[in-house]
Amino acid sequence: MTVDMSQFLETFYEESFEGLDIMESSLLNLDAGAADEEVINNIFRAAHSIKGGSGTFGLDAVASFTHVLETLLDEMRDGRREVTGEAVNLLLQSVDCLRGMLSALRSESELDQENIDALHSELEDMLHGGAGDVSVSEKVEDTNTGSASDGSGWQIFFRPLSHMLLSGNDPVRMLKELRELGELSVEVDTSTLPVLSELIPEESYLAWNMILTGAASRELVDEVFAWVDGDCELIINPIEKQADIAEAAENNNDDGVRGELLNDRRMESSDRRKSDRRSASASAGESTSIRVGIDKVDSVINLVGELVITQSMLGTLGEDFDMSKIKHLTDGLSQLERNTRELQEEVMRMRMLPISFTFSRFPRMVHDVSQKLGKKIELQLLGEQTELDKTVIEKIGDPLVHLVRNSLDHGIEAPADRLAAGKPETGILLLNAFHRGGNIVIEVKDDGNGLNTKKILSKAIERGLVSADANMSDEEINALIFLPGFSTADVVSDVSGRGVGMDVVRSNIHSLGGTVSVESKPGVGSTFTVKLPLTLAILDGQTVSVGNEVYIVPLVSIIESMQVKAEMLNYVAGKGEVFRLRDEYLPIIRLHEAFGVESKVMEITEGLLVVVETEGKHVGLFVDELLGQQQVVIKSLEENYKKVEGISGATILGDGSVALIMDIPGLIRLSSIQPDLRQSA
Amino acid sequence: MSNKARQGSGSPNTPRKKRALTVNCEESFDISRVSALHEKLTKALNEGRSVTIDAIRVERTDAAMLQMLSAFARDSREKSVTLKWKSVSEEFRNSANLLDLDGVLELPAV
């Protein structure tokens with residue numbers, strides 16, 4: 001048997017990316033000149049873990065780079081180096097660099113050696129020529145010589161638990177780190193090492209008694225064992241208690257000094273792990289795996305247990321069934337349905353992650369961009385714990401970055417302009433996430449200049465996107481920035497700088513089954529609202545029939561369904577059939593025409609119109625009849641067949657037949673209906 | 001079956017010398033290889049075959065590998081099975097030294 005180290009490596013990468021996120025968010029919280037010690041400790045711990053892990057896996061480039069970083073952080077932690085804005089920026093760049101290195105190593109692509117070397121030498125320069133008095137390496141050397149004579153140091157007893165080696169932690173590496181802290185003498189205890197034939201080679205059987213002489217702090221010694229909290233028995237005591245400890249280490253019981261020390265240590269470890277987990281949960285990062293709370297897993301196991309009981313009950317009923325037991329059967333089937341639905345909901349919950357995974361990238365972005373643009377911007381985050389599907393979380397990142405970037409670049413004004421306009425010097429950018437009606441809504445709101453509707457309209461007319469005599473509301477005009485015709489640089493400079501790539505943002509959000517809209521007031525600010533489904537795996541749908549086909553209309557898009565009378569119908573030249581709904585005319589899409597199927601009902605008055613909404617626009621879908629509502633599991637049409645315009649996926653119905661799921665925005669495009677068709681009646 | 005019968009017909013008066021096992025260690029000589037080597041060494045120990053280990057190429061080793069080799073070295077002494085170190089890299093020696101296993105392993109003097 002060979003151990004597949006790649007599984008540990010993947011965990012290392014994931015934890016390192018989380019560590020980098022923690023470093024980044026902590027660095028952004030550092031106040032130059034008055035740094036919080038605990039914040040620096042957080043950063044140091046993350047860097048130290050990355051260094052340790054990279055050394056274990058032989059990722060020498062990462063280990064060497066992190067070593068310098070760690071040294072710098074250690075000086076800041078000890079108060080020997082001032083936390084300056086320059087240092088924070090350099091550390092932030094180093095975080096980026098490490099992220100790049102780890103990504104490259106993970107994908108087995110080439111490292112950006114030039115950038116690594118440049119930053120490495122900048123870190124070295126700061127270390128040796130900066131505000132710090134003495135570098136850590138010098139300190140260790142001094143310690144080594146000085147400490148041996150005064151006899152101070154630490155007595156350490158270390159026994160890895162049997163599984164520790166399998167977690168990728170290696171005593172060789174750890175003892176090497178200890179040796180860097182001072183003079184180390186080691187005595188191995190092989191008394192529990194079994195005979196070769198009974199030895200499980202990946203398990204640990206050894207223990208070490210060590211004496212570390214020197215002036216290394218307890219914290220530095222603790223850091224060496226930071227990765228094995230809970231995976232070992234560990235006693236660290238000042239050298240003065242040497243006799244007690246040696247005695248206790250010999251006694252392999254959990255009582256006495258050793259027992260107390262172990263308990264203390266385990267409690268510390270547990271607290272630290274909890275706090276690390278809290279930090280990690282608030283950080284971002286795309287990954288191929290997901291961490292699930294044990295409560296969610298337990299809940300699924302309970303539900304599976306109930307499902308098995310129901311199945312067993314139905315099985316027993318089936319062995320000796322007669323019509324007198326029909327009630328038992330229907331009861332059992334209801335229970336089965338309930339169990340299945342609950343199980344489905346719980347499993348879906350396992351994929352849910354807080355949106356903080358996406359939001360956490362923005363503090364850094366706002367910090368960098370505002371510095372670059374010379375603007376003062378305060379970022380406010382609300383609803384960070386709002387949960388949505390992991391896939392949606394990973395895919396919504398880029399569109400949100402685009403929206404935030406636009407607000408920073410072009411929405412919020414320069415400090416002087418804001419003061420001149422009677423606004424506070426510091427602009428506010430608010431990211432707000434919340435649930436509404438089975439969807440998640442994310443708002444990107446700024447108190448900047450707002451959109452210039454006059455310029456947008458004139459540009460749209462100039463580009464032929466709307467007619468010169470179009471009677472449009474401000475809201476409709478603002479929505480024009482999402483049209484592809486607006487995504488050019490020259491438009492940006494003319495229209496308050498807004499509009500770059502907004503069509504790309506919209507199409508990305510559409511691909512997630514979501515919508516985006518904008519509200520803006522000149523001089524007051526803009527709010528971009530993104531509405532997304534909670535999951536991409538299951539959808540609440542309305543089944544409708546068109547000819548012999550069954551289609552699914554996403555329930556979230558449906559406003560109402562109705563039979564229309566002939567007098568409600570009209571025809572607008574060049575724009576097709578419309579019908580009057582209360583005080584407005586809505587375009588009609590005949591689904592049988594859109595999908596090229598034969599319909600049993602040709603007259604609109606004989607069928608039904610399903611009024612659907614997308615991005616604040618309404619259209620009527622002409623169908624033969626409504627069949628029912630149900631949750632459907634979405635299967636990708638693109639993966640199993642090919643992309644079909646107007647269709648977002650497929651599902652398998654209860655009778656085994658396949659039904660296609662409608663993509664409302666795509667359907668509108670397919671039917672060549674302009675979303676701005678709606679006119680006042 | 002008598003010893004003689006087991007020895008076969010080739011050399012009736014001298015027992016056949018068991019073939020020595022030679023282990024050429026890879027650059028990365030660690031937990032990822034420990035299980036396979038454990039199997040080989042256990043077999044060699046049971047068969048009483050002498051073992052020669054060449055660790056000159058080792059650039060990285062770890063506690064799992066050094067621990068298993070230590071168990072083998074100790075058991076081979078007890079069973080009078082020969083363990084020879086052909087050559088040992090500096091990294092291998094330093095790591096064994098660091099874990100205080102160089103004595104158990106009886107690494108050759110530099």
Modelled FRET efficiency - R0 51 Å, residue A:640 with residue A:417, Cβ distances, 0.05 increments: 0.45
Cα-Cα P(r), region A:7-64, percent of pairs per 10 Å interval: 24, 46, 23, 6, 0
Under 5 Å, built H, 5+ apart or other chain: amide partners of residue A:534: A:440
Peptide A:159-170, shielding by other chains (average Cβ, 10 Å cutoff): 2
Distant-in-sequence amide H partners of residue A:232 (H built 1.01 Å from N, under 5 Å): A:161
Cross-link pairs A:617/A:642; A:454/A:642; A:390/A:454; A:51/B:86 - those with Cα-Cα distance over 30 Å: A:454/A:642; A:390/A:454; A:51/B:86
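Which whole number gives the average count of other chain Cβ atoms within 10 Å of the Cβ atoms across peptide B:54-61? Kindly include the intermediate steps, with their values, before the conclusion.
On the way: counts 0, 0, 0, 0, 0, 1, 7, 2.
Across B:54-61, the average partner-chain Cβ count within 10 Å equals 1.
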Longest to shortest principal axis, alpha-carbon extents of region A:294-350, angstrom: 43, 14, 10
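Write down, largest first, the equivalent ellipsoid semi-axes of region B:20-105 in whole Å, where each equals the square root of 5 times an eigenvalue of the alpha-carbon gyration tensor. Intermediate values should be presented prior to the final figure.
Details: eigenvalues 73, 35, 28 Å².
In descending order the semi-axes read 19, 13, 12 Å.
Taking other Cβ within 10 Å of each residue's Cβ, how do A:446, A:320, A:331 sort, fewest first? Mind showing how you got there, number by number?
On the way: A:446 26, A:320 7, A:331 13.
In order of increasing Cβ crowding within 10 Å: A:320, A:331, A:446.
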Fully extended contour minus Cα-Cα distance, from residue A:563 to residue A:86, at 0.36 nm per residue: 164.9 nm
Cα→Cβ-extended label distance, 7 Å offset, between residue A:107 and residue A:125, nm: 3.0 nm
Anchor residue A:296: aspartates and glutamates whose Cα lies under 13 Å away (excluding residues fewer than 8 positions away in-chain): A:342, A:345, A:346
HN-Hα J in Hz across region A:503-513 - Karplus 6.51, -1.76, 1.60, θ = phi - 60°, x for Gly and Pro: 5, 5, 4, 5, 5, 5, 5, 4, 5, 9, x
Order of A:459, A:565 - criterion: other Cβ atoms within 10 Å of each residue's Cβ, fewest first: A:565, A:459
Length gained when the stretch residue A:319-residue A:470 is fully extended (0.36 nm per residue, less Cα-Cα span): 47.2 nm
Label-to-label distance, nm, for residues given as residue A:295 and residue A:394 (7 Å Cα→Cβ offset): 2.6 nm
Fewest-first sequence of A:528, A:321, A:595 by Cβ atoms within 10 Å of each Cβ: A:321, A:595, A:528
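With contacts defined as alpha carbon pairs under 8 Å and 6 or more residues apart, what's the relative contact order of region A:294-350 in percent?
Numbers: 27 pairs, mean separation 32.4, N = 57.
For region A:294-350, the relative contact order is 57 percent.
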FRET efficiency for residue B:20 and residue A:239, using Cβ-Cβ distance with R0 set to 60 Å, rounded to 0.05: 0.80
Distance between modelled label sites at residue A:425 and residue A:10, nm, 7 Å Cα→Cβ extension: 5.1 nm
Cross-link reach list, lysines versus residue B:79, counting only Cα pairs under 16 Å and skipping chain neighbours closer than eight places: B:18, B:43
Cα radius of gyration and Dmax for region A:5-133 (Å): 14.1, 43
Inter-chain shielding of A:199-207 (mean C-beta neighbours from other protein chains, 10 Å cut-off): 6
Partners for residue A:395 among lysines (Cα-Cα distance below 17 Å; same-chain residues under 8 apart left out): A:531
FRET E, pair residue A:163, residue A:435, Förster distance 45 Å, beta-carbon r, rounded to 0.05: 0.65
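Just so you know, all these numbers are worked out from the coordinates, no wet-lab data involved. Given the structure is predicted, the values throughout are model-derived calculations rather than measurements. Using ideal geometry, Cβ is built from the backbone for each residue, glycine included, and neighbour counts are taken over all protein chains shown.
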